[in-house]
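Undergrad: The structure follows.
The values are calculated or read from the model by the stated rules, or taken from the named source; none is laboratory data. Predicted model only: the values in this text are computed from it and were never measured. Here the Cβ is made from the backbone with ideal geometry for all residues, glycine too, and neighbour counts use every protein chain on show.
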Amino acid sequence: MGAAAALDYDAELMLRVKDGDGESFALLLKKHRSAVIHFLYRMVQNRAIAEELAQDVFLRVYRSRNTYEPTAKFTTWLFRIAAHLALNSLRDGRNEWKQEHLDDTSEDTPNRQLPDRSPSVEYRMVSEVKLEEVRQAVAALPDKQRAAVLMHKYEELEYSQIASVLNCSESAVKSLLFRAYETLRARLAHMA
Amino acid sequence: MKCPIKTQENADVLLAYSARKLDPEITAVLAKHMEMCTECAAFHKGQQAVWAALDAWEALPVSEDFDQRLYFRIDRERHASWWSKVAQVFLPSRLSFFGRTSQAGMPLPLLATVCIIVVAGFVLEYPGRVNPLDPAPQARIDKIEADQVERTLEDLEMLREFNLVSSAEGKPSASM
């Protein structure tokens with residue numbers, strides 16, 4: 001009931017945007033901005049590109065306001081746009097030379113927030129190595145498998161939603177996830 | 001129960017089990033199954049390691065000026081001239097000869113293409129006005145007003161005085 005109410009609220013806000021209510025757009029932006037950026041960041045693994053793509057996502061949401069119809073969950077529609085832009089970006093190879101590395105000391109690289117469990121240098125180094133392993137394991141997945149895993153794990157979208165986002169069947173989504181997690185288990189199971 | 005690991009169609013049940021998203025009844029059945037099935041137990045252990053590893057991948061904070069930059073782009077688009085909007089219809093913003101759009105939202109070569117399209121439309125709409133294949137266009141005077149001729153002769157006289165007559169000896173143009 002809570003999720004359905006949230007769905008109605010997001011769709012209601014978007015319908016208000018359609019009627020010219022800028023405040024409603026601001027509310028939608030505030031509510032979904034982080035999730036979209038984080039999804040895009042984990043897809044392209046570059047903060048600048050992720051934010052640029054996220055801007056494109058919300059710009060497209062705004063442009064579509066006059067023709068918006070709540071035929072699907074708002075988050076499904078939102079992530080459909082995000083996934084489409086991310087997959088295009090990866091296909092175009094925009095981030096081949098821009099992929100961040102943990103040892104990148106440029107100003108664009110933000111300070112990493114590591115768990116504050118121990119001040120020891122050794123712990124931080126081990127954490128950074130593990131994080132890099134995770135990043136590389138996810139980056140090594142085929143684009144659609146990566147998108148499916150990120151939406152399933154971090155955004156907790158249902159199979160039906162992921163299927164709608166990726167424009168495929170639910171069984172295809174299950175197959176994508178099965179293969180993706182199988183690959184990740186092979187690469188990351190030693191971290192248990 | 002059928003072993004989920006052996007039937008790929010039911011493997012999502014194992015994923016849901018590892019994520020603790022199953023109903024308590026099904027969870028209990030699977031837990032019992034895993035006591036006997038080493039493959040499913042290994043799947044569960046490996047999947048939990050994957051979840052934990054993915055959980056450790058924390059998201060970076062959003063830039064403080066993200067909203068500001070977005071609203072700037074929205075305002076810029078809202079105030080875009082009809083010219084740019086027409087161009088956007090014909091030329092998607094992704095297209096760029098240089099891999100990136102210009103500050104105005106469209107690279108110059110594409111702007112030139114749009115200009116050519118507009119000019120071509122004008123030529124097709126008004127074919128009698130401009131015809132580059134014709135040699136010196138002949139003036140066709142269908143209807144001449146007397147004061148128009150008088151004005152023209154006065155202008156020619158003025159030009160002769162200033163010695164600015166062209167080699168064509170100032171034939172009256174069709175537009176006059």
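Undergrad: Looking only at residues in the range A:175-186 that are surrounded by fewer than 19 Cβ atoms within 10 Å (Cβ to Cβ) and among the hydroxyl-bearing types (Ser, Thr, Tyr), which one is farthest from the other protein chains (Cβ to nearest Cβ)?
TA: A:Thr183
Undergrad: Additional query: So, in the range B:48-81, how many residues would count as being more than 7 Å from every other protein chain (Cβ to nearest Cβ), outside any helix (DSSP H, G or I) and either touching a residue at least 24 places away in the same chain (Cβ under 8 Å) or aromatic (Phe, Trp, Tyr) (or both)?
TA: Here the count works out to 1.
Undergrad: Here is a follow-up. Tell me, which helices (runs of 4 or more DSSP H) wholly within the range A:1-78 include 2 or more residues that are more than 23 Å from A:Ala180 (Cβ to Cβ), within 13 Å of chain B (Cβ to nearest Cβ) and not β-branched (Val, Ile, Thr)?
TA: Numbers: elements: A:2-18, A:22-44, A:47-63.
Correct list: A:22-44, A:47-63.
Undergrad: Here is a further query. So how many residues does the range A:61-89 have that are surrounded by fewer than 16 Cβ atoms within 10 Å (Cβ to Cβ) and free of Cβ contacts under 8 Å to residues at least 24 places away in the same chain?
TA: Matching residues across the range A:61-89 total 6.
Undergrad: Taking only the range A:52-81 into account, find how many residues are at pLDDT 95 or above, under 22 Å from A:Ile162 (Cα atoms) and among the charged types (D, E, K, R).
TA: 3
Undergrad: Next up: Can you tell me which residues in the range A:133-159 are assigned to a helix (DSSP H, G or I), more than 19 Å from A:Asn46 (Cβ to Cβ) and within 11 Å of chain B (Cβ to nearest Cβ)?
TA: Scanning the range A:133-159 gives A:His152, A:Lys153, A:Tyr159.
Undergrad: Now for a different question. Within the range A:32-39, is there a residue that is free of Cβ contacts under 8 Å to residues at least 40 places away in the same chain and surrounded by fewer than 20 Cβ atoms within 10 Å (Cβ to Cβ)?
TA: yes
Undergrad: Among the candidates A:Gln136, A:Gln161, single out the residue that is in contact with a Ser or Thr (Cβ under 6 Å, 6 or more places away or on another chain) and over 22 Å from B:Glu39 (Cβ atoms). If you could, list the steps in order and put the result at the bottom.
TA: Details: A:Gln136 fails: in contact with a Ser or Thr (Cβ under 6 Å, 6 or more places away or on another chain).
None of the other options fit; the residue is A:Gln161.
Undergrad: How many residues are closer than 17 Å to A:Lys174 by Cβ, in a loop (DSSP other than H, G, I, E, B) and in contact with a helix residue (DSSP H, G or I) (Cβ under 9 Å, 6 or more places away or on another chain) when one looks only at the range B:4-47?
TA: Counting residues in the range B:4-47 that are closer than 17 Å to A:Lys174 by Cβ, in a loop (DSSP other than H, G, I, E, B) and in contact with a helix residue (DSSP H, G or I) (Cβ under 9 Å, 6 or more places away or on another chain) gives 3.
Undergrad: Answer yes or no as to whether A:Val165 is in contact (Cβ under 8 Å) with a residue 24 or more places away in the chain and more than 8 Å from every other protein chain (Cβ to nearest Cβ).
TA: Numbers: in contact (Cβ under 8 Å) with a residue 24 or more places away in the chain: yes; more than 8 Å from every other protein chain (Cβ to nearest Cβ): yes.
So A:Val165 fits the description; yes.
Undergrad: Consider B:Ala41 carefully, then state whether it is surrounded by fewer than 14 Cβ atoms within 10 Å (Cβ to Cβ) and more than 48 Å from the chain's Cα centre (by Cα). Explain how you work it out, then say what you get.
TA: Working: surrounded by fewer than 14 Cβ atoms within 10 Å (Cβ to Cβ): no; more than 48 Å from the chain's Cα centre (by Cα): yes.
So B:Ala41 does not fit the description; no.
Undergrad: Also: Within the group A:Ala140, A:Ala147, A:Ala189, A:Ala172, which residue is crowded, with 21+ Cβ neighbours inside 10 Å and touching a helix residue (DSSP H, G or I) at 6+ places or on another chain (Cβ under 8 Å)? Let's see the steps before the verdict.
TA: Working: A:Ala140 fails: crowded, with 21+ Cβ neighbours inside 10 Å; A:Ala189 fails: crowded, with 21+ Cβ neighbours inside 10 Å; A:Ala172 fails: crowded, with 21+ Cβ neighbours inside 10 Å.
That would be A:Ala147, the only listed residue that is crowded, with 21+ Cβ neighbours inside 10 Å and touching a helix residue (DSSP H, G or I) at 6+ places or on another chain (Cβ under 8 Å).
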